[in-house]
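Just below is one structure, and these are the notes that go with it.
Bear in mind these aren't lab numbers, they're just calculated from the coordinates by the rules spelled out. Because the structure is predicted, anything quoted here is derived from the model rather than measured. All Cβ positions, even for glycine, are placed from backbone atoms using ideal geometry, and neighbour counts span all protein chains on display.
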Amino acid sequence: MLDYSHITERIQMKNVLIFTALLCLITSAYAANDLLVLHCEGGATLVQLENNIGTNPFYGTVDYLDGSLALVPLATLQNYDCVFTWNNSQYLAGQGDELANYVDG
């Protein structure tokens with residue numbers, strides 16, 4: 001009986017290498033994305049978010065700004081590829097308009 005296990009192992013290794021290369025390409029394509037987390041609270045929710053998103057390889061940088069302390073202008077928002085926001089407190093007046101302008105592009 002012929003033993004083809006070495007061929008099967010080489011094919012499996014080649015598949016692993018191809019998968020790893022594709023994963024690196026995908027990760028590097030997304031690594032350039034800069035994320036702004038615009039929040040209105042601190043505490044456990046923000047800490048959990050920092051632990052989960054802050055180490056995500058799909059973001060080049062992750063910055064956190066408290067929208068209850070300062071108005072984040074459109075010019076600042078436009079420096080980011082993505083803005084993740086929620087508010088359990090109130091934004092400063094005008095922040096909603098700045099976010100709407102950011103979404104409108």
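A compact table of results
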| quantity | calculated |
| --- | --- |
| Spacing of the two label points (7 Å from each Cα toward its C-beta) at Ala93 and Ala70, in nm | 2.0 |
| Per-pair calculated FRET efficiency, R0 = 25 Å: Asp104 and Glu41 via Cβ, rounded to 0.05 | 0.45 |
| Where labels lie 7 Å past Cα in the beta-carbon direction, separation of Asn56 and Asn79 in nm | 2.0 |
| Per-q log10 I(q)/I(0), region 32-104, q = 0.12, 0.26 Å⁻¹ (Debye; single scatterer per alpha-carbon; no solvent) | -0.30, -1.25 |
